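Please treat every number below as a calculation from the coordinates, not as lab data. Note that the coordinates shown come from a computational prediction; the quantities given were computed from them, not determined experimentally. Here the Cβ positions follow ideal geometry from the backbone for every residue, glycine too, while neighbour counts run over all protein chains shown.
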Amino acid sequence: MSTDPGDRLPGLVAEFLRRHDPAGDRLGFLRARFDAGLAWVHYPVGSGGLAAPRHLQPLVDDEFARVGAPDNRPRRNGIGLGMVAPTLLRHGTTAQRDRLLRPLWTGEDIWCQLFSEPDAGSDLAGLTTRAVRDGGDWVVNGQKVWTSLAHRARWGILLARTATDVGKHQGITCFVCDMTAPGVQVRPLRQLTGEAEFNEVFLTDVRLPDDLRLGGVGEGWRVARTTLMNERVAIGGAPAPREGGLIGLVARTWRDRPELRTAGRHDELVRLWVRAEAARLAALRLRQQLATGEPGPEGSAVKLAFAELAQRISGFEVELLGEAGLRHDDWTMRRPAETDLLTRTATHRYLRARGNSIEGGSSEILRNIIAERVLGLPVEPRSDR
Amino acid sequence: MTNLRYDDTEEALRANLRAMLATHSPWTAVLARVAGTEEPYDRDLWDRLTGELGLGALAVPAELGGAGAGFREVAVVLEELGRAVAPVPYLGSVLATRALLSCDDPDLLGQLATENRGIALAVPFSAAPGVPVHPVAVWDGSALYGTVTTVADALAADLLLVPATDGLYVAQARAPGVAVAPVVSLDATRPLCDIVFAHAPARRIAGPDATARALTDALTAGAALLASEQVGVAQWCLDTTVGYLRERRQFGRPVGSFQALKHRLADVWVEITEARAVARYAADCLATGDPDTELAAALAQAHCAAVAVHAAQECVQLHGGIGFTWEHPAHLYLKRAKSAALAFGSADRHRSTVARLVDLPAPTPSVSG
Ligand SMILES: Cc1cc2nc3c(=O)[nH]c(=O)nc-3n(C[C@H](O)[C@H](O)[C@H](O)COP(=O)(O)OP(=O)(O)OC[C@H]3O[C@@H](n4cnc5c(N)ncnc54)[C@H](O)[C@@H]3O)c2cc1C
């Protein structure tokens, strides 16, 4: 029998599908898929994977999609799937992985990211939420903000200060926060789209047992870096076919509505199409490189380019629509279950895209990171260290 | 599936070539040549590349005596030659090879591969794929007549491929009846020339249909592969500027610590990251005969040309006064980048091709009374 996992996988998937009905119980199917190691094939056995090479994942996903198997709806749990899972894999204990990964992957547990604070955004290491040891527990006090999905989340990945007498990057520890614990209060924070995707989170004497600590005491910054690197890849590098993103919507409008066409718009549209395709190919190349390791700095490039492009395309779309671009669908405050830009109005896309260059590291911060860590340019003189 | 990465063979080829270029064609040598010799090409370097590394035959199939390596490798070579603004007629020879591959003339290809003969396609460097090339010459039954202007990489060629009214001809570049005259080129590292055929002996190797196909294939390959050269040019500009800004001090600190400059260079890096993916896609499509090749080539020139120009302009600007001198190599890259932006058609023309291929029609002019 072949030992090449690439040869073995299709057989394993076929075998799995023989024993589990894709049309049957959704959750049961997803759980079984995880247990069979067919969730993330590159994860270790027992953690949803088979320790296979990462680039084989699409093969498995395509096969499941082809038979119409239920998916785990990545848009519902983007933070969990895109950022928390790789962080748990890298820094979590076996017990933590066993407990947390399966319901994360199946979508039973939604996750949120409790990093930003009112006074610590770009300068995240300036956070002041405190965690103090009390016997076998930690007691957490502080406030987090702009926390996407906190209102649905079962768990949050939390950064808190555990020491103040050391450098600001050294005194931070990472925890898994139980969002159902007493003292966790979530308040909607309405954003300029009218929706409330994100929240303020108040943490008052929240007790977290030490087995929810992720990584060593004082090593939170290292853990957070794994999360942030993956965040950039997750935001910018989602796999898409040609015209799979916003550009596809605009292209379709262009094809369907000749009366909207002008020479100037044509030029602009084709420029955007070319840029969108370049960004897509760069994301594809990034994924091919990722097949052999951890996300590299290219993740920042892809995220930065994605944000700018989304803003330009959505801005163009509103103008292209003319009169219709003046009308919005609904300003009622809602708590969207999924962030799917493609099903809303152009005006919504335009407004939501303003957040793309802020969330997950602003474009300015990403340029700093690229300049300093990739290009090796000197850091700016600072007064806080 | 499309492979946008570099494989190990390609990396090895790159390392070899980069080392050879560093030794035999440092920018000081390129600059000295541009500044004052009558010989625009570095013949020694070209002999080494074709002789020692066999580059001339890289894309010629192995069964005809070539290396049979394919266009992904050719693209890597172009990247490195771009990085060094090496004055060798490699791109022209690749173009001619591609035309011959479409004409099915195994003898000539074999000869090229084994005898290291220089060959160039006699069309203007600005000729774009998809736009009909006017035949540059007529065949009167015994010889060629006609003029072709602004041809790249023909000064060093022994053989010329000449599109004429009734087919494609191959002529000896130094035969009586062929006059090759250098012109003053924006990019002196890729010298151009005008060619006049006045009763030039030639041999016909393809009929009109095959000629049209060969020209389209060659120009498409040119557009696709030039993108890799542009990535190499841009990368050199970025690396050199970063190096300079780390050292250069003003206002008591390295200039490179100013955020306004860091962000500009970060943007160039992002552009290059995208351009590299686009260039690899074009090379891969070309190498595998992917049906998407025409689009990939148009995309490559619609995108990568401007990236190289931008990187070179930033290189000049951020070097300050030194960047504006003749002694500094930045201008070699600026001239290479800007003239390459016109080669095989402008970005605007390629955007029209993209629009046609992906069905984004231009507005129909409204008829008003
Ligand atoms: C839609 C959305 C969802 C979010 N979801 C989450 C979430 O789930 N969890 C979470 O923890 N956070 C979340 N955030 C918060 C986000 O990570 C922060 O908003 C972001 O890091 C910026 O921090 P800030 O808002 O404090 O801005 P500031 O850091 O105060 O920045 C203000 C401005 O100054 C610029 N700036 C700051 N420092 C520099 C510098 N050194 N050089 C140049 N310019 C600089 C910034 O780019 C920005 O333009 C979300 C934000 C948005 C918009």
Response to the item:
Of B:A343, B:A171, B:A19, the most mobile residue in a GNM of chain B (C-alpha springs, cutoff 10 Å) is B:A19
Response to the item:
Fewest to most Cβ atoms within 10 Å: B:C193, A:C174 sort as B:C193, A:C174
Fill in: Size of electric dipole in chain A: Cβ of Lys, Arg +1 and of Asp, Glu -1, about Cα centre, debye, nearest 20
280 debye
Worksheet item: At each listed q (0.10, 0.13, 0.24 Å⁻¹), what is the log10 of I(q)/I(0) that the Debye formula gives for segment B:129-228 modelled as equal alpha-carbon point scatterers?
Response: -0.27, -0.46, -1.35
Item to complete: With N set to the residue count of the protein assembly as shown, report its C-alpha Rg divided by 2.2 N^0.38 Å to two decimal places.
Response: 1.08
Worksheet item: By how many degrees, 0 to 90 and rounded to 10, does the Cα axis of helix B:208-247 deviate from the longest principal axis of chain B?
Response: 20 degrees
Discussion item. Placing unit charges on C-beta atoms (Lys and Arg positive, Asp and Glu negative, everything else neutral), compute the dipole magnitude of chain B about its Cα centre in debye, rounded to 20.
Written reply: 1180 debye
Worksheet item: Bin by bin, in steps of 20 Å, what percent of the Cα pairs in chain B do you find, going until the bin that has the longest distance?
Response: 29, 57, 13, 1
Worksheet, complete the sentence: tail above 21 Å in the computed P(r) of segment A:96-175, as % of all Cα-Cα pairs, reads 35 percent
Fill in: Most fluctuating residue given options B:P254, B:P26, B:P201, as computed from a GNM of chain B linking Cα atoms under 10 Å
B:P254
Practice prompt. Go through the protein assembly as shown and flag any cysteine with no other cysteine's C-beta closer than 4.7 Å, please.
Written response: A:C112, A:C174, A:C177, B:C103, B:C193, B:C285, B:C304
Worksheet, complete the sentence: Against the 2.2 N^0.38 Å rule of thumb, the C-alpha Rg of segment A:113-254 sits at a ratio of 1.21
Discussion item. With +1 assigned to the C-beta of every Lys and Arg and -1 to the C-beta of every Asp and Glu, and no other charges, what is the dipole magnitude of the protein assembly as shown about the Cα centre in debye, to the nearest 20?
Written reply: 1940 debye
Practice prompt. Two decimals is fine: what is log10 I(q)/I(0) at q = 0.16, 0.19, 0.23, 0.25 Å⁻¹ for segment B:323-364, from a Debye sum with one equal scatterer on every Cα and no solvent?
Written response: -0.57, -0.65, -0.76, -0.82
Discussion item. How large is the convex hull of the C-alpha atoms of segment B:1-148 per residue, in Å³?
Written reply: 160 Å³
Discussion item. Around B:L357, under 10 Å between beta carbons, what's the net of Lys plus Arg minus Asp minus Glu among the other residues?
Written reply: -2
Fill in: Radius 15 Å from Cβ of A:D137, net charge of other residues (Lys, Arg +1; Asp, Glu -1)
-1
Discussion item. Considering the Cα positions of chain A, please state its Rg to one decimal place and its Dmax as a whole number of Å.
Written reply: 22.0, 71
Worksheet, complete the sentence: Rounded to whole Å, √(5λ) for the Cα gyration tensor eigenvalues of segment B:229-326, largest first, gives 33, 12, 9
Worksheet item: Listing A:L212, B:L161 from the residue with the fewest other Cβ atoms within 10 Å to the one with the most, what is the order?
Response: A:L212, B:L161
Worksheet entry | Signed unit charges on C-beta, dipole axis of the protein assembly as shown, positive-most listed residue B:V270, B:L357, A:P74 | A:P74
Worksheet item: Which chymotrypsin sites (Phe, Trp or Tyr not before Pro) in segment B:272-369 pass both tests, a DSSP loop state and at most 13 other beta-carbon atoms within 10 Å?
Response: B:W326
Practice prompt. Take chain B, connect every pair of alpha-carbon atoms lying under 10 Å apart with a spring to form a Gaussian network, then pick out the residue of B:Q235, B:Q317, B:Q250 with the largest mean-square fluctuation.
Written response: B:Q250
Response to the item:
Sorting A:L203, A:S362, B:I322 by the position of each Cα along the dipole of the protein assembly as shown (Lys, Arg +1; Asp, Glu -1; all at Cβ), the one nearest the positive end of that ordering is A:L203
Worksheet item: Per 5 Å bin from zero, what fraction in whole % of the C-alpha pairs of segment A:1-135 is there, up to the bin with the longest pair?
Response: 2, 9, 17, 20, 17, 13, 7, 6, 4, 4, 1, 0
Worksheet entry | Residues in segment A:209-235 reached by a label modelled at A:R75 [backbone nitrogen below 17 Å; 7 Å Cα→Cβ] | A:234-235
